[in-house]
Amino acid sequence: MIKGSKELIAYGDRSRFVTSVRIPHGGRPSPDSFGLVFHVATPLQDSVGVITPSSLHYVATTRGSFLPDIDPQEHRLMIHGMVDRPLTLTMEDLKRLPSVTRLHFIECAGNRSTPKAKTVQESHGMTSCAEWTGVLLSTLLKECGVKAGASWFVAEGAEEVKGASSMPLAKAMDDVIVAYGMNGEPVRPQQGFPLRLLVPGFEGIFSTKYVRRIKLVDRYYMNYNDYGHLRQDEKETALGYQVGPKSVITFPSVGQQLPGKGFYEISGLAWSGGGAIRRVEVSTDDGKHWMDAQIKGTAQRMAHTRFGCPWNWDGKETVLLSRCTDELGAVQPTRAQVAKFFNVPLGEVPGLDNTVQPWRIASDGSVLNGHA
Amino acid sequence: MGTHRFFACALLLGGLLLEASVLAQSSTYGVGRTPSAEEIRAWDISIGPDGVELPPGRGTAKDGAELYVERGCSACHGRTGTEGRAPNLKGKADPKTDTWERGRILPIRSPFATTVWDYINRAMPLNREGTLTADEVYALTAYLLYINDVIPEDAVLDAQSLPKVKMPIGDEYASLPEGKPKTRRLRGYPY
């Protein structure tokens, strides 16, 4: 029995039997010995549904940094540059304006599966999905009046490093959210409290945390880390900002153990920066046959979408695959397809790696990484 | 009397309507306030390729070399910019090599010298961001550009000369995505 305590009544806790936790990503400690936070991955192998609990949402920082401890009363958002009327807003001001509430995934550009990954958390855990609430950036920009000739904007955070990114204005006018809410409560400090940009479908770095300033400009502004997005090749650059269609089977996934042959519902997540997921297909015989998976609930645009597929395992060694198609008709590729298209070695994937993840089921029921 | 009152009312009403229409044009919600030019200047640390936002000040590579040690840059980036645990600041390869082969190093990869200034000014030194003066940022920018053979040692960098520095990468980089909504990433790419 669990005895009621003041704390438990005030802010609930999960069962002591549920132990799923985030882990530092990519071999770099987080926090490090100084308390600096770097990348942290979501335990996708334990996920159900499409919402990542805020406590388990992945974290990435533009570099190892201390989380800013911002008093929301003091926080301001300033919009200026190529606008008719610059505007400074308090958090209170923002909450008076018409809001939107939408499900969106965020994914780090470094979310790349390697043969070394021992869990789906290691191979795919740098993406999460939450319900975000805030004001559309387009609402604020219309309030300011966009000057003719403005074509890009720079978003900047209030943290020590003042991380900044240049983005196309067309994106701002489409669906970018200035978000103060996450999963029914204020955005968490690790996610940019009190205010962050949510740039749906773009690589995670663009969803500027602790956002305090938006400047409209007439070109790519090349501030802070923007130069890091430059590429020599037009094709590689084109695959930069927007995340392609991507899916992964979370159960069964590498590191898990099937108790024996018989029925399993294969379960996984699909998402795309191009919009809503239209179709997910699953293969239980290494790609010889594909069947349509069932999409659970309604697929939202630029949001994790849960899929399921019935499977009767005969106890023999096999490979499980999933691939998805988004509303634009783009299909998730295999690594072989990417290598063929770009004429590059197998495993080289320009842009964020959105390739099919094979899970190998051994005859003893253990699940192995198909890239290994 | 009655007529006067009528005209007064009409004028007042007209005035209100006029004001309302002006307000409607200027903003829908009227929430928030207009920041002063001073406030914008204080916060606007985005230095664009033209350098219009650059503050007054000046510096040379010689000043920068001293500051590089004094301000602690060398502690993380190494004595010559290549030996530290922080990112390399000097291209190891021969300057005649293709720029793209020389690594993702800020003073080499960035197409504008203003980006080097912007980066140092907003993000350095680690955990003491924002403590460098404008003169110091000009000097450190000059030093990084000098050790990468971009400018001569005696070049003076200020708000006028910095944006004119010709960077090794020139315009040899692919144009950036337009971010057009509801559009596939790359024409002809089925994925």
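The values are calculated or read from the model by the stated rules, or taken from the named source; none is laboratory data. From a predicted model like this one, the values you see are computed outputs, not experimental measurements. Positions of Cβ are backbone-derived with ideal geometry, glycine not excepted, and every protein chain shown enters the neighbour counts.
Collect the residues in the stretch B:166-176 that are closer than 15 Å to B:Thr115 by Cβ and either facing chain A (nearest Cβ under 10 Å) or crowded, with 19+ Cβ neighbours inside 10 Å (or both), keeping them in residue-number order. Answer for the stretch B:166-176, where residues must be closer than 15 Å to B:Thr115 by Cβ and either facing chain A (nearest Cβ under 10 Å) or crowded, with 19+ Cβ neighbours inside 10 Å (or both): B:Met167, B:Pro168, B:Ile169, B:Tyr173, B:Leu176.
Criterion first (under 22 Å from A:Met302 (Cα atoms) and either charged (D, E, K, R) or in contact (Cβ under 8 Å) with a residue 12 or more places away in the chain (or both)) does A:Val161 satisfy it? When the stated conditions are applied, A:Val161 does not pass them.
Taking only the stretch A:63-113 into account, find how many residues are acidic (Asp, Glu) and free of Cβ contacts under 8 Å to residues at least 60 places away in the same chain. So the count comes out to 4. Those residues that are among the polar types (S, T, N, Q), within 7 Å of chain B (Cβ to nearest Cβ) and surrounded by 23 or more Cβ atoms within 10 Å (Cβ to Cβ), I need them from the stretch A:209-254; list them, please. A:Asn223, A:Gln242 - these are the residues of the stretch A:209-254 that are among the polar types (S, T, N, Q), within 7 Å of chain B (Cβ to nearest Cβ) and surrounded by 23 or more Cβ atoms within 10 Å (Cβ to Cβ).
For (1) part of a loop (DSSP other than H, G, I, E, B); (2) within 16 Å of the chain's Cα centre (by Cα); (3) farther than 30 Å from B:Ser36 by Cα, each residue gets a yes or a no:
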position: A:Val50; (1), (2), (3): yes, yes, yes
position: A:Ser55; (1), (2), (3): no, yes, yes
position: A:Thr62; (1), (2), (3): yes, yes, yes
position: A:Lys95; (1), (2), (3): no, no, no
position: A:Phe105; (1), (2), (3): no, yes, yes
position: A:Ser113; (1), (2), (3): yes, yes, yes
position: A:Ala117; (1), (2), (3): yes, no, yes
position: A:Val135; (1), (2), (3): no, no, no
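Residues of the stretch A:65-93 that are within 18 Å of A:Val211 (Cα to Cα), out of contact with any Ser or Thr (no Cβ under 7 Å at 6 or more places or on another chain) and assigned to a loop (DSSP other than H, G, I, E, B): A:Phe66, A:Leu67, A:Pro68, A:Asp69, A:Ile70, A:Asp71, A:Pro72, A:Gln73, A:Glu74, A:His75.
Against the condition under 29 Å from A:Gly49 (Cβ atoms), more than 14 Å from every other protein chain (Cβ to nearest Cβ) and in contact with a Ser or Thr (Cβ under 9 Å, 6 or more places away or on another chain), how does A:Val367 come out, does it pass?
yes
Condition first: of a type in the set (A, V, I, L, M, F, W, C) and either within 11 Å of chain A (Cβ to nearest Cβ) or touching a Cys at 6+ places or on another chain (Cβ under 6 Å) (or both). Now tell me which residues in the stretch B:107-163 satisfy that. Those that are of a type in the set (A, V, I, L, M, F, W, C) and either within 11 Å of chain A (Cβ to nearest Cβ) or touching a Cys at 6+ places or on another chain (Cβ under 6 Å) (or both): B:Ile108, B:Phe112, B:Ala113, B:Val116, B:Trp117, B:Ile120, B:Ala123, B:Met124, B:Leu126.
Apart from one condition, A:Ser128 fits all of (1) among the hydroxyl-bearing types (Ser, Thr, Tyr); (2) within 14 Å of chain B (Cβ to nearest Cβ); (3) not in a helix (DSSP H, G or I); the exception is (2). Count of the stretch A:89-106 residues, restricted to those that are surrounded by 20 or more Cβ atoms within 10 Å (Cβ to Cβ) and within 14 Å of chain B (Cβ to nearest Cβ), is 2. Against the test of being closer than 22 Å to B:Tyr191 by Cα and at pLDDT 95 or above, the options A:Trp290, A:Trp311 yield a single qualifying residue, A:Trp290.
Selection of first residues in the stretch B:57-73 that are farther than 14 Å from B:Asn121 by Cβ and of second residues that are of a type in the set (Phe, Trp, Tyr), restricted to Cβ pairs under 6 Å at least 6 apart or on distinct chains, gives the following pairs, ordered by first then second residue: B:Arg58/B:Tyr138; B:Ala61/B:Tyr143; B:Ala61/B:Tyr146; B:Ala65/B:Tyr143; B:Tyr68/B:Tyr143. Of all residues in the stretch B:92-113, exactly one satisfies the criterion of being among the aromatic types (Phe, Trp, Tyr) and not in a helix (DSSP H, G or I), namely B:Phe112. Please specify each residue of the stretch B:133-153 satisfying the condition of being part of a loop (DSSP other than H, G, I, E, B) and either in contact with a Lys or Arg (Cβ under 7 Å, 6 or more places away or on another chain) or under 15 Å from B:Pro87 (Cβ atoms) (or both). Of everything in the stretch B:133-153, those that are part of a loop (DSSP other than H, G, I, E, B) and either in contact with a Lys or Arg (Cβ under 7 Å, 6 or more places away or on another chain) or under 15 Å from B:Pro87 (Cβ atoms) (or both) turn out to be B:Asn148, B:Glu153.
The residue pairs whose first member lies in the stretch B:91-106 and is within 14 Å of chain A (Cβ to nearest Cβ), whose second member is at pLDDT below 75 and surrounded by 12 or more Cβ atoms within 10 Å (Cβ to Cβ), and whose beta carbons are closer than 7 Å, counting only pairs six or more residues apart or on different chains, are B:Glu101/B:Ala93; B:Arg102/B:Ala93.
Inspection of the stretch A:42-60 finds no residue satisfying the criterion of being in contact (Cβ under 8 Å) with a residue 60 or more places away in the chain, within 19 Å of A:Gln191 (Cα to Cα), surrounded by fewer than 21 Cβ atoms within 10 Å (Cβ to Cβ) and aromatic (Phe, Trp, Tyr). Can you confirm whether A:Arg85 is out of contact with any strand residue (DSSP E or B) (no Cβ under 7 Å at 6 or more places or on another chain) and at pLDDT below 95? Criteria not met by A:Arg85.
Would you check which residues across the stretch A:137-151 are outside any helix (DSSP H, G or I) and either closer than 23 Å to A:Lys95 by Cβ or of a type outside the set (Ser, Thr, Tyr) (or both) and list them? The answer is A:Gly145, A:Val146, A:Lys147, A:Ala148, A:Gly149, A:Ala150. Any chance the stretch A:119-126 includes a residue that's touching a residue at least 12 places away in the same chain (Cβ under 8 Å) and among the acidic types (Asp, Glu)? Within the stretch A:119-126 (the criterion being touching a residue at least 12 places away in the same chain (Cβ under 8 Å) and among the acidic types (Asp, Glu)), the answer is yes, since at least one residue qualifies.
Scanning the stretch A:111-131 for residues that are under 30 Å from A:Ile79 (Cβ atoms) and surrounded by fewer than 24 Cβ atoms within 10 Å (Cβ to Cβ) returns a single hit, A:Glu131. Against the list (1) out of contact with any helix residue (DSSP H, G or I) (no Cβ under 6 Å at 6 or more places or on another chain); (2) more than 17 Å from A:Asp286 (Cα to Cα), the condition A:Trp313 fails is (2). For the stretch A:317-364, which positions are farther than 20 Å from A:Thr305 by Cα, more than 9 Å from chain B (Cβ to nearest Cβ) and either among the β-branched types (Val, Ile, Thr) or buried (at least 24 other Cβ atoms within 10 Å of the Cβ) (or both)? Those that are farther than 20 Å from A:Thr305 by Cα, more than 9 Å from chain B (Cβ to nearest Cβ) and either among the β-branched types (Val, Ile, Thr) or buried (at least 24 other Cβ atoms within 10 Å of the Cβ) (or both): A:Thr318, A:Val319, A:Val344, A:Val349, A:Ile361.
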